[in-house]
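Every number in this text was worked out from the coordinates using simple rules, so none of it is lab data. Please read these numbers as outputs of a predicted model, since none were measured by experiment. All Cβ positions, glycine included, derive from the backbone under ideal geometry; neighbour counts span all protein chains shown.
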Amino acid sequence: MGTIQEAIAKARATRNATGAEPAVATTSGGPASAQWQQLPTFKPSIRRLRRNRIVAADGGRPAMDFDVIRTRMMQVMATNGWKRVAITSPTASCGKSTMVLNLAFSLARHREHKTMVIEADLRKPSIARTMQIPQEHQVSRVFEGRATFEEHAVRVGENLIFATNVNAVAGSAELLQSTGTVNTLNDLTNRYAPDMMIFDMPPMLTGDDTMAFLNQVDCVLLLAAAEHSTIKQIDACERDIASQTNVMGVILNKCRFVDPDNAYDYYE
Ligand SMILES: Nc1ncnc2c1ncn2[C@@H]1O[C@H](COP(=O)(O)OP(=O)(O)O)[C@@H](O)[C@H]1O
Ligand SMILES: [Mg+2]
């Protein structure tokens, strides 16, 4: 085994040893449920979400493209026993955060499925603003060991949690690979037993934050923007991701001309 593979295997082993296995199954009742109930709740405005292209909250035709991706994702992740997925792109503004939110709301319509969204784009946080979460949440402070998760997260409905940031963070790459962050994620896995943790990441080619974090996730969804991302960029990202974890798929986003029966060009 080469050195990178060895390092990855070691990181995985540490993650598992420190408790990647959920302590409780995610059925109703039990300590994990009690944890979920303790979080403050928030009800986003559906109209505001729609204005920001978040259309998957109430199902129906607008949600259909996201529902297809959601279902495929759930199948692939369940088959492989994967729980943590990162969503990234080669460069900025490919639609990552929009995709994260749509997938999260689509997943939440499966009432048995518990989803946790963690905003790990600490350079350009956007989720709190898009959703208009009223509290000044800053999950980076939890990673730094300066606050509890419960002070910086909200529950939407029964089975969806958002941990977001109002401000950008200096030294974000170092923070993302710190022991504090690794331990926080393991602790959340143990206490909340989410079926899926979705990480909204920064782009891959404009900093090292995502590369620094990839050994913490089981798989990655790579978003490319039509007429913007190049094949060369996508190839480079796929190779970098594959050196650390699993590439779950590549989605060509922001297509202007699409077959209405196939709104996303490819997904593997
Ligand atoms: N599929 C899409 N088609 C057109 N515009 C989109 C699409 N997805 C997102 N956008 C828009 O592109 C901009 C950047 O989206 P965002 O999700 O914040 O990207 P990122 O998180 O990758 O920086 C936003 O104005 C958003 O509304
Ligand atoms: Mg974003």
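Taking each of K232/K254; K43/K254; K83/K232 in turn, the alpha-carbon distance tops 25 angstrom for K43/K254; K83/K232. Shape class of region 32-253 from the alpha-carbon gyration tensor: rounded, with the ratio a/c of largest to smallest axis under 1.5.
With a sphere of radius 9 Å drawn around the Cβ of S172, what net charge do the other residues whose Cβ falls strictly inside it have (Lys, Arg +1; Asp, Glu -1)? All intermediate terms of the calculation are to be shown ahead of the outcome.
Working: positive: R123; negative: D121, E174, D209.
Local net charge: -2.
Taking a Cβ cut-off of under 12 Å around A147, the surrounding Lys, Arg, Asp and Glu residues balance to a net charge of -2, with basic ones at +1 and acidic ones at -1.
Charge tally for G59 (other residues, Cβ to Cβ under 14 Å; Lys, Arg +1; Asp, Glu -1): +2.
From most to least packed by mean Cβ count within 10 Å, the peptides 35-42, 126-133, 189-196 give 189-196, 126-133, 35-42.
The orientation-averaged projection of the convex hull spanning the C-alpha atoms of region 43-102 amounts to 5.1 square nanometres.
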